[in-house]
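Asks: Please read through the structure below; I'll follow up with questions.
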Amino acid sequence: MTSNYPGLLDPALIRPGRIDLQLELGYTTRYQLENMYARVVGTNEGAPDIDRNWLSRFPERVLPPCDCMRILIAHRHQPQSLYAALDRMADLELARAAQDDCNAKDIVSLQKERELMMQMIALLEGELQKHRSTRSHSWDFDDDGCGNEFD
């Protein structure tokens with residue numbers, strides 16, 4: 001069983017006897033990527049070892065293991081295209097994360113702006129309420145029987 005939100009699962013589903021071991025996979029480290037490479041690509045006859053120069057530049061904890069494994073399997077016979085595919089995937093993920101960060105900053109800014117507006121509205125409503133409660137009403141009835149309000 002897998003879940004991105006184990007805390008939301010019903011305790012009956014994850015009680016001892018049903019789920020005895022919980023692992024958090026997290027995002028891929030260079031060590032994990034090197035081991036996955038050895039198991040997928042390294043099993044091919046004459047396959048080269050992983051390019052250590054490339055590996056040292058690869059960003060850690062950017063891609064989930066499932067994405068790395070998918071690319072490794074798809075490119076297991078062409079290590080050079082494998083490196084390019086992993087680089088492309090990591091670049092896209094880093095760009096998405098940067099965009100999400102910008103969006104998060106925009107959201108925080110909008111939330112602060114909304115809070116200030118709500119405070120201003122509350123102040124104005126309070127002032128209006130005070131004005132309404134202190135205002136006296138006098139009614140004057142004209143000849144036509146209609147009441148006219150004036151302060």
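Asks: Considering only segment 24-51, state which residues are within 30 Å of Gly7 (Cβ to Cβ) and part of a loop (DSSP other than H, G, I, E, B).
Replies: Glu24, Leu25, Gly26, Tyr27, Thr28, Thr29, listed by residue number.
Asks: Hey, among Arg52, Arg61, Arg76, Arg96, which residue is out of contact with any strand residue (DSSP E or B) (no Cβ under 9 Å at 6 or more places or on another chain) and surrounded by 13 or more Cβ atoms within 10 Å (Cβ to Cβ)?
Replies: Selected residue: Arg76, the only one of Arg52, Arg61, Arg76, Arg96 that is out of contact with any strand residue (DSSP E or B) (no Cβ under 9 Å at 6 or more places or on another chain) and surrounded by 13 or more Cβ atoms within 10 Å (Cβ to Cβ).
Asks: Kindly indicate whether any position in segment 86-93 is in contact with a helix residue (DSSP H, G or I) (Cβ under 7 Å, 6 or more places away or on another chain), surrounded by 15 or more Cβ atoms within 10 Å (Cβ to Cβ) and not aromatic (Phe, Trp, Tyr).
Replies: Checked against the condition, which is being in contact with a helix residue (DSSP H, G or I) (Cβ under 7 Å, 6 or more places away or on another chain), surrounded by 15 or more Cβ atoms within 10 Å (Cβ to Cβ) and not aromatic (Phe, Trp, Tyr), segment 86-93 yields at least one hit.
Asks: Moving to a separate point now. So, in segment 7-41, how many residues would count as being within 30 Å of Ser81 (Cα to Cα) and at pLDDT 90 or above?
Replies: Qualifying residue count for the region: 15.
Asks: Any residue at all in segment 1-12 that's within 25 Å of Leu94 (Cβ to Cβ) and of a type in the set (A, V, I, L, M)?
Replies: So far as segment 1-12 goes, no, none of its residues is within 25 Å of Leu94 (Cβ to Cβ) and of a type in the set (A, V, I, L, M).
Asks: Can you name the helices (runs of 4 or more DSSP H) wholly within segment 52-143 that have at least 1 residues being at pLDDT 80 or above and over 16 Å from Arg30 (Cα atoms)?
Replies: 65-74, 79-134
Asks: Of everything in segment 8-35, what is surrounded by 12 or more Cβ atoms within 10 Å (Cβ to Cβ) and in contact (Cβ under 8 Å) with a residue 24 or more places away in the chain? Give them in sequence order. Walk me through how you get there before you give the answer.
Replies: Step one: list which residues in segment 8-35 are surrounded by 12 or more Cβ atoms within 10 Å (Cβ to Cβ), which gives 9, 14, 19, 27-30, 32-35.
Answer for segment 8-35, where residues must be surrounded by 12 or more Cβ atoms within 10 Å (Cβ to Cβ) and in contact (Cβ under 8 Å) with a residue 24 or more places away in the chain: Tyr27, Thr28, Thr29, Arg30, Gln32, Leu33.
Asks: Looking at segment 110-123, I want the residues that are surrounded by 10 or more Cβ atoms within 10 Å (Cβ to Cβ) and have a partner that is assigned to a helix (DSSP H, G or I) and at pLDDT 75 or above with Cβ atoms under 8 Å, at least 6 apart or on another chain. Which pairs are those?
Replies: none
The values are calculated or read from the model by the stated rules, or taken from the named source; none is laboratory data. This structure is a prediction, so every number in the text was calculated from the model and none was measured. So basically every Cβ, Gly included, is an ideal-geometry build from the backbone, and we count neighbours across all protein chains shown.
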